Amino acid sequence: MSAVEHSVPTPDVARRVFGDHVDRAEEFVDFLVNRGVVRGVIGPREIDRLWGRHVLNSAVLSERIPDAARVIDVGSGGGFPGIPLAIARPDVDVVLLEPMARRIDWLHEVVDRLELSNVTVVRGRAEEKAARKEVGTADVVTARAVAPLGKLARWCLPLVRRDGELLALKGESAGEEIERDAQQIRSAGGFDPVVVRCGEGALERPTTVVRIHKRVRVDQSQGQFRRKCP
Ligand SMILES: C[S@@+](CC[C@H](N)C(=O)[O-])C[C@H]1O[C@@H](n2cnc3c(N)ncnc32)[C@H](O)[C@@H]1O
């Protein structure tokens, strides 16, 4: 962008959420407004709610990410929640996993433009063997608007390391999804699914997240309790 054709005002809460990194978040928003819409990665009607509904809604996830963690964001699309998270938390390594070529090109451009040295872009589907091999495992796997919870658990839990967790950004029906897909979550190796809210006290509408731990099973074969990955 040689000149910013359009810009949206930065809400005060963005400075609280992004701290010293707010300039980079603003640059991402400007890039989305001026390039993302024509490239089809964000709808024109989203512009007025880019900060609240997309950028801040994603960035507040950072309160649930441990220091220096490795994160895989499955189905990043235009970069959510992975890019705002990587901007807010330069200590965290973020892998963006996305199958669509057009979106992969966009994500590479964003990473280059914002000089996000903590982000890697990988093309593939979470359930594919080759993609799984390439991305490995992470402390936390994130996903927003990618699939129903049961399917998401099946796709994403194999990417979660032992004792790690899946954070699925969901809407108000998150609790119902947990009940409906409980069996699928269990058989995918997930346990203790709960709804948590991120951004409380900062966002008008905190982000609703389903947190699922990766199951570790108890192995008594050695005469003592030992936690072991399935
Ligand atoms: C509705 S978009 C959401 C994009 C972004 N997470 C957001 O919230 O704006 C769903 C994205 O998931 C990707 N996707 C669908 N199936 C996938 C899979 N099996 N593995 C990884 N990504 C997938 C799609 O290509 C698409 O970019």
* In nanometres, what is the gap between the two model label sites at F191 and D91, each 7 Å from Cα along Cα-to-Cβ? -> 2.9 nm
* To do: Compute the distance in nm between two label points, each set 7 Å from the Cα along the Cα-to-Cβ direction, one at S117 and one at V13.
  => 3.3 nm
* Asked: Nearest-5 percent of antiparallel DSSP beta bridges in the chain?
  -> 45 percent
* Asked: Say the dipole of the chain comes from +1 at the beta carbon of Lys and Arg and -1 at that of Asp and Glu; which of A182, A126, G164 then lies farthest toward its positive end?
  -> A182
* Structure fact -> Order by accessible surface, 1.4 Å probe, largest leading, for residues I42, I47 comes to I47, I42
* **Charged-residue dipole, Cβ positions (Lys, Arg, Asp, Glu), the chain about Cα centre, Debye nearest 20** => 1120 debye
* Report, in debye and to the nearest 20, how large the dipole of segment 65-182 comes out about its Cα centre when Lys and Arg carry +1 and Asp and Glu carry -1 on their Cβ. => 420 debye
* **Gain on full stretching of the segment that runs from R125 to R102 - 0.36 nm per residue minus C-alpha separation** => 6.8 nm
* Asked: Counting alpha carbon pairs within less than 8 Å and at least 6 residues apart, what relative contact order, in whole percent, applies to the chain?
  -> 16 percent
* To do: Sort out for me the Cα centre separation of segment 105-135 from segment 1-66, rounded to whole Å.
  => 20 Å
* State whether the chain is rounded, prolate or oblate according to the following rule on the C-alpha gyration tensor (a ≥ b ≥ c being the square roots of its eigenvalues): a/c under 1.5 gives rounded; otherwise a/b larger than b/c gives prolate, and the remaining case gives oblate. => prolate
* Roll a 1.4 angstrom probe over the protein heavy atoms and tell me the percent of accessible area of the chain that is carbon or sulfur. => 45 percent
* Is it possible to state the helix-based mean residue ellipticity at 222 nm for the chain, with each DSSP H run of 4+ residues giving -39500 (n - 2.57), the sum divided by total residues, to the nearest 500 deg cm²/dmol? What is it? -> -8000 deg cm²/dmol
* Asked: Amide H neighbours of K170 under 5 Å, counting only residues 5+ apart in sequence or on other chains, H built in-plane at 1.01 Å?
  -> T208, V209, V210
* **Cα-projected label distance for R180 with R64, points at 7 Å along beta-carbon direction, nm** => 1.9 nm
* Structure fact -> Rounded to whole Å², per residue accessible area for the chain with a 1.4 Å probe reads 50 Å²
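The values are calculated or read from the model by the stated rules, or taken from the named source; none is laboratory data. Only a predicted model underlies this, so the values are computations on that prediction, with no experimental measurement involved. Glycine also receives a Cβ, built like all others from the backbone with ideal geometry; neighbour counts cover every protein chain displayed. In case anyone asks, the SASA skips ligands and DNA or RNA and just uses the protein heavy atoms, side chains included. Shrake-Rupley method; radii C 1.70, N 1.55, O 1.52, S 1.80 Å.
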